[in-house]
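Just below is one structure, and these are the notes that go with it.
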Amino acid sequence: MMLTLLTTVALAATLTVDVDTEALSGSVHVRLYDGRDGYPGKAPPQTAIRTLDLMSDRSVVFQDISAGTYAVVVFHDVDGDGSIATNWLGIPTEPVGVYLPPDTRLWGPPSFRRTSFEIQDDDRRIRVALVKP
C-alpha cells in the first residue's frame, strides 16, 4: 500500500515599491491596501504601512504578501502628522501618489478599483511618483 502525502504550501510574494520624489528630506508613508476599506487615506490600511527616511531610502519592501488584489498609496508627510493633509474640498495639500496599472488614466480622486493590481506567487516591483498639489 502506498501512501501519498499531500501538502499545501502557501506561497508568498515580495512587493518592492520605488518612490519617485523630488523631496530630499522628511518622511514618506507607503500604504498597502488589500481592499476598499479606508482607501485612499480615510483609515489605516488593512495590510501594512512603511515609512521611508528620504535621506537614505527611496524604496520599501513588503514581504510575505499573499496572492490577492492590492493598491498602494504614497504620500510625503510634510507636516509630520501621519496622515494625508487636505484642504476644505478634500484635495491633498501634501505630495501624494498612487500606483497606476499600465494603460490606466486617472481623472478625479483615485478609486481602489482603478488603481489596484494583482499579486500572485511571484515577486513584484512597482514605481509610484509623488505629485505636488
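The values are calculated or read from the model by the stated rules, or taken from the named source; none is laboratory data. Keep in mind that what you see is a predicted model, and the values were worked out from it rather than measured. Every residue, glycine among them, receives a Cβ derived from its backbone with ideal geometry; neighbour counts consider all protein chains shown.
Scanning segment 111-133 for residues that are in contact with a Pro (Cβ under 8 Å, 6 or more places away or on another chain) and over 23 Å from Ser66 (Cβ atoms) yields a count of 4. Only residues that are exposed (fewer than 14 other Cβ atoms within 10 Å of the Cβ), closer than 21 Å to Asp34 by Cα and hydrophobic (A, V, I, L, M, F, W, C) were counted across segment 88-118, and they come to 1.
State yes or no: is Val61 touching a strand residue (DSSP E or B) at 6+ places or on another chain (Cβ under 6 Å), surrounded by fewer than 14 Cβ atoms within 10 Å (Cβ to Cβ) and of a type outside the set (Ser, Thr, Tyr)? Judged against the criteria, Val61 is a match. Only one of the numbered conditions (1) surrounded by fewer than 16 Cβ atoms within 10 Å (Cβ to Cβ); (2) touching a residue at least 60 places away in the same chain (Cβ under 8 Å); (3) within 11 Å of the chain's Cα centre (by Cα) is not met by Ile49, and that is (2). Listed by first and then second residue, the pairs linking a residue in segment 58-85 that is within 16 Å of Gln120 (Cβ to Cβ) and of a type in the set (Phe, Trp, Tyr) to a residue that is in a loop (DSSP other than H, G, I, E, B) and modelled with pLDDT of 90 or more, with Cβ atoms under 9 Å apart and 6 or more places separating them unless they lie on different chains, are Tyr70/Tyr99; Tyr70/Ser116. Among residues of segment 1-31 being closer than 13 Å to Phe75 by Cβ and in contact with a Pro (Cβ under 9 Å, 6 or more places away or on another chain), the one that is modelled with the lowest pLDDT is Ala23. Could you look through segment 88-118, keep only residues that are hydroxyl-bearing (Ser, Thr, Tyr) and in contact with a helix residue (DSSP H, G or I) (Cβ under 9 Å, 6 or more places away or on another chain), and pick out the one that is modelled with the highest pLDDT? In this case the residue turns out to be Tyr99.
Checking the condition surrounded by 13 or more Cβ atoms within 10 Å (Cβ to Cβ), over 23 Å from Pro109 (Cβ atoms), at pLDDT 90 or above and small (Gly, Ala, Ser), which residue from Ala85, Ala67 passes?
Numbers: Ala85 fails: over 23 Å from Pro109 (Cβ atoms).
Exactly one of Ala85, Ala67 is surrounded by 13 or more Cβ atoms within 10 Å (Cβ to Cβ), over 23 Å from Pro109 (Cβ atoms), at pLDDT 90 or above and small (Gly, Ala, Ser), namely Ala67.
Residue by residue, here is whether (1) of a type in the set (D, E, K, R); (2) within 24 Å of Gly26 (Cβ to Cβ) holds:
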{"site": "Pro40", "(1), (2)": "no, yes"}
{"site": "Ala48", "(1), (2)": "no, yes"}
{"site": "Asp81", "(1), (2)": "yes, yes"}
{"site": "Pro92", "(1), (2)": "no, yes"}
{"site": "Glu118", "(1), (2)": "yes, no"}
